[in-house]
Number of protein chains: 2
Amino acid sequence: MENQNKPLIIRTIEGKKEERIPIWMMRQAGRHLPEYKELRARNKSFLDFCYAPAAAAEATLQPLRRYDIDAAIIFSDILVIPHAMGQFVDFKEGIGPVLEPIREITELRKLDTSKIITRLNPVYEALGRVKEKLNSEQALLGFCGAPWTLATYIIQGKGGDRNDAKCFAYQNPQFMAQLFDILIEALAIHLDAQLKAGANAVQIFESWAEDLSDLAFNEWVIAPTKKLVARLKELNPDAKIIGFPRGASHRLKLYHSQTGVNAVGMDISCDIFKTREEIGNEICLQGNLDPFALVAGGEYLEKSVNHILDCARLGPHIFNLGHGIVPQTPIANVEAMIKLIRG
Amino acid sequence: MENQNKPLIIRTIEGKKEERIPIWMMRQAGRHLPEYKELRARNKSFLDFCYAPAAAAEATLQPLRRYDIDAAIIFSDILVIPHAMGQFVDFKEGIGPVLEPIREITELRKLDTSKIITRLNPVYEALGRVKEKLNSEQALLGFCGAPWTLATYIIQGKGGDRNDAKCFAYQNPQFMAQLFDILIEALAIHLDAQLKAGANAVQIFESWAEDLSDLAFNEWVIAPTKKLVARLKELNPDAKIIGFPRGASHRLKLYHSQTGVNAVGMDISCDIFKTREEIGNEICLQGNLDPFALVAGGEYLEKSVNHILDCARLGPHIFNLGHGIVPQTPIANVEAMIKLIRG
C-alpha cells in the first residue's frame, strides 16, 4: 500500500522490476536545452544561479516539461559543499571551477560544517519548489560529490587530471583522514537536508573513481563512502542512495557490497551484462548510454539503446547515460532515445 | 633447450613462472632520465630523433645502464605509422602531436602502406643496434599503437579526449571499416619488421580503450586487434604479443580470449587479483604500479609494490607500471621500487 505511493524510480531502487523502465539523464537540466540557456543568460554567476531558488527550480523542471522522463534532479553543483564550508570557489567561464587549494593540515580548520544548512538553504528551498510541481510517479533526486572526488578539487584547486591530488594523498595520509572525516559529516548533513526538503533519493557522484589502484580505491573511495552511507542512514534510516563511481566498472559489485548504497550507476564503458551477472538480479543498476552515441544519433544510437534494454530486462534498471549529457546533443536524438525505450 | 636461449620476459610471456620477476617500465626511456634530456637537447625535432638510429638506440639503452631491469623497449612513437603512410604529423612542444585530420573516405587513399618499410627503416636499424648491446637474458621490445587508438589521432588530428572521434566513428561505419583495414595491414608490417630487426616481442598500446561502450569496444578494439594479431601471426607465426588496452580493466579476459594476444597489460586501476582469477594462472599478466605512487615514494610505494608482488606469485607476471613513467619521477624511487621487487 505504502509502496504504491512511491515514485517509479524509488520502487526500482528498492529492487522492484516494473513494466515501465524509468528514465532520467545525468545533467538533463542544463546546456543542451535552449530554454535553459535563455534562463541562464539572465543570471550572471553560476553559483548565484545555483543559490537562486526560483531559477534553480525552473532549470530543474525544464527537462520534465520537454521529455517523458521519470525524475527531476536538483540543479546544483557538487562544489557547493566546499563553498558552503568556507573555501573560496569560483566558476570561470571556459575554464571551470577554481578553488583556493587547501594542502596544510592546519588549514582544514577553515572547513566549517556548521554553516552548511544555513548557506545551502536556497538549495533546499529549490527542492521544495520543485517537489510541489511533480506528480506522484515522478521522483525528485538530490545529490552530492563523493568524498574522494571533492577532496581532489579541495587539494588541487581545480578539475582536470587528479595526479596532483593522488601524489598528495599518497604522501599525506593524516591530512586525508581528517579531510575525509570533515567531508563525510558535511555530505551526510547535505544529503539528509535534501531528503528532508523533498528529495526521494540521492545520488553520490564519484566522478573520479578512475585511475585508482586497488589500495587507493579501497582507502579513498570505498572506506569514506561506506562511512558516509552509514552516517546518512543514521540520520535518515530510509534514505535511498544511488552510488556512481565513474571509472570503476570492474568494481561495482565490490563497491555495492562494501559501501551499502542501494543502487549502482554504470559508466559508459561498463560491461553491463557482466555487471548484472556479478551483482545478481535483485539490485538496481543505472546507466549507461554513451552521451556521444546520443549526439551521433541514427542507427548506432538505436543499437546502443537496444543493447541496454536487453540487459535491463534481467533486473531492476534505471535507464540513464553513462556520463552527463553534453551541450551539443540534438533534442531530436533525446526524443528518439525515449521513444525507443517506451517502445 | 631452445627455451633456455629466450630472455626471461619471453619465457614469462610464454607462461613460465620463474624465480625472478621480470621488470620493465612503460616510457622507461625518456624524460625522467637526465641523460635522456641531455641527449634530446642535442636533437631538434622529436620525429627526427625517433628517425636517428644512433640517438634512438642510445635513448633505448639508457635505462638499462642505470637500472636492473629486464627489457629494452625501442624509443619511438605510435604516430610514426600515420606519418610513414603519408599523413602530416608534427610534435609541438607543450601541445603534443598535431596531425592533418582525415575524415573523408576518399582521403583514405592518402594512407600508403607500401612506404612503411622504407620510411621506418631507421627504427629497424635502431632495433638492430640495441640488440647487439643486450645480453641473452634481456629482451628487446617493439611496439605499435592499436588500430582504434591510431584512428582517434588520424580522425581528430590531435590527442586529448576522443569524443570527436567517437561521434565520427558512430556516424561513419564504412570509413571506419576501411581505415581499420589499412591500419591492420600497416601495423602488421611494422610489427613484423620490428621482430625481424631483433625485437623478441611486441606490445600493442590501446591507449584509448577507455570510455567505450560494450558495442564500441567489440567493434573498434576487439575486432581490429584480433585481425591484426592474426595477420601478424601469418607473417610471423612465433610472434609474441603483449596487448595493453588501457581503461578496459574489466574486459581483460574478453580481450585476451578474443584477440589472441599472448599476454595482457593491466592499467593503474585494474583489480589485479580479480583479473588473475578470471584469466587463470597460466596467462602472463603485466603491470600495474601507479606512476604517481612512484613519484610519491615512501610507505605507500612499498605497500603498492608488495600488493602487486602478492598477486605476481599466482601466475606468470611482468612487473611494470600501469601507465608511462612521468618526467617528475625521482630516480631514487625507481631504485627503491626495483630493490623491493628483487627482495
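The values are calculated or read from the model by the stated rules, or taken from the named source; none is laboratory data. Note that the structure is a prediction, hence the values are computed from the model and not measured. As a convention, Cβ positions derive from the backbone with ideal geometry for all residues, glycine included, and neighbour counts pool all protein chains shown.
Could you tell me which of the residues B:57, B:29 is modelled with pLDDT of 95 or more, buried (at least 18 other Cβ atoms within 10 Å of the Cβ) and part of a loop (DSSP other than H, G, I, E, B)? The unique qualifying residue is B:29. The residue that is farthest from residue B:44 (Cα to Cα), among those in segment B:64-92 that are within 13 Å of the chain's Cα centre (by Cα) and part of a strand (DSSP E or B), is B:71. Can you find even one residue in segment A:127-149 that is more than 16 Å from residue A:53 (Cα to Cα) and either of a type in the set (Val, Ile, Thr) or modelled with pLDDT under 95 (or both)? Yes, because at least one residue in segment A:127-149 is more than 16 Å from residue A:53 (Cα to Cα) and either of a type in the set (Val, Ile, Thr) or modelled with pLDDT under 95 (or both). Evaluation of residue A:96 against the conditions (1) touching a helix residue (DSSP H, G or I) at 6+ places or on another chain (Cβ under 9 Å); (2) at positive phi shows that the sole unmet condition is (1). Checking each residue in segment B:208-224 for being of a type in the set (Val, Ile, Thr) and either away from every other protein chain (no Cβ under 11 Å) or not in a helix (DSSP H, G or I) (or both) picks out only B:222.
Just so you know, in segment A:250-302 the residues that are of a type in the set (Phe, Trp, Tyr) and at the interface with chain B (Cβ under 8 Å from one of its Cβ atoms) include one that is nearest to residue A:12 (Cα to Cα), and it is A:273. Are any of the residues in segment B:184-202 of a type in the set (D, E, K, R) and within 16 Å of the chain's Cα centre (by Cα)? Scanning segment B:184-202 turns up at least one residue that is of a type in the set (D, E, K, R) and within 16 Å of the chain's Cα centre (by Cα). The set of residues in segment A:32-54 being of a type outside the set (Lys, Arg) and outside any helix (DSSP H, G or I) consists of A:32, A:33, A:43, A:45, A:51, A:52. Considered as a group, the residues in segment B:303-326 that are in contact with a Ser or Thr (Cβ under 8 Å, 6 or more places away or on another chain) and more than 14 Å from residue B:268 (Cβ to Cβ) include one that is farthest from the other protein chains (Cβ to nearest Cβ), and that residue is B:316.
One line per residue, one yes/no per condition, for (1) at pLDDT 95 or above; (2) touching a Leu at 6+ places or on another chain (Cβ under 9 Å); (3) aromatic (Phe, Trp, Tyr); (4) under 19 Å from residue A:210 (Cα atoms):
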{"position": "A:154", "(1), (2), (3), (4)": "yes, yes, no, yes"}
{"position": "A:161", "(1), (2), (3), (4)": "no, no, no, yes"}
{"position": "A:175", "(1), (2), (3), (4)": "yes, yes, yes, no"}
{"position": "A:182", "(1), (2), (3), (4)": "yes, yes, no, no"}
{"position": "A:187", "(1), (2), (3), (4)": "yes, yes, no, no"}
{"position": "A:190", "(1), (2), (3), (4)": "yes, yes, no, no"}
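Taking segment B:298-339 as the range and being buried (at least 16 other Cβ atoms within 10 Å of the Cβ) and without any contact (Cβ under 8 Å) to a residue 40 or more places away in the chain as the test, the residues that pass are B:300, B:301, B:304, B:305, B:307, B:308, B:311, B:333, B:336. Kindly check whether there is at least one residue in segment B:168-190 that is closer than 16 Å to residue B:244 by Cβ and either more than 14 Å from every other protein chain (Cβ to nearest Cβ) or of a type outside the set (S, T, N, Q) (or both). Yes, the conditions are met somewhere in segment B:168-190. When you check residue B:81 against the structure, is it touching a residue at least 40 places away in the same chain (Cβ under 8 Å), touching a strand residue (DSSP E or B) at 6+ places or on another chain (Cβ under 8 Å) and surrounded by 15 or more Cβ atoms within 10 Å (Cβ to Cβ), yes or no? Criteria met by residue B:81. Restricting attention to segment A:228-238, does a residue exist that is out of contact with any Lys or Arg (no Cβ under 7 Å at 6 or more places or on another chain) and facing chain B (nearest Cβ under 8 Å)? No: zero hits.
Do we have residue A:247 as touching an Asp or Glu at 6+ places or on another chain (Cβ under 8 Å), at positive phi and at the interface with chain B (Cβ under 10 Å from one of its Cβ atoms) here?
Numbers: touching an Asp or Glu at 6+ places or on another chain (Cβ under 8 Å): yes; at positive phi: yes; at the interface with chain B (Cβ under 10 Å from one of its Cβ atoms): yes.
In short, yes.
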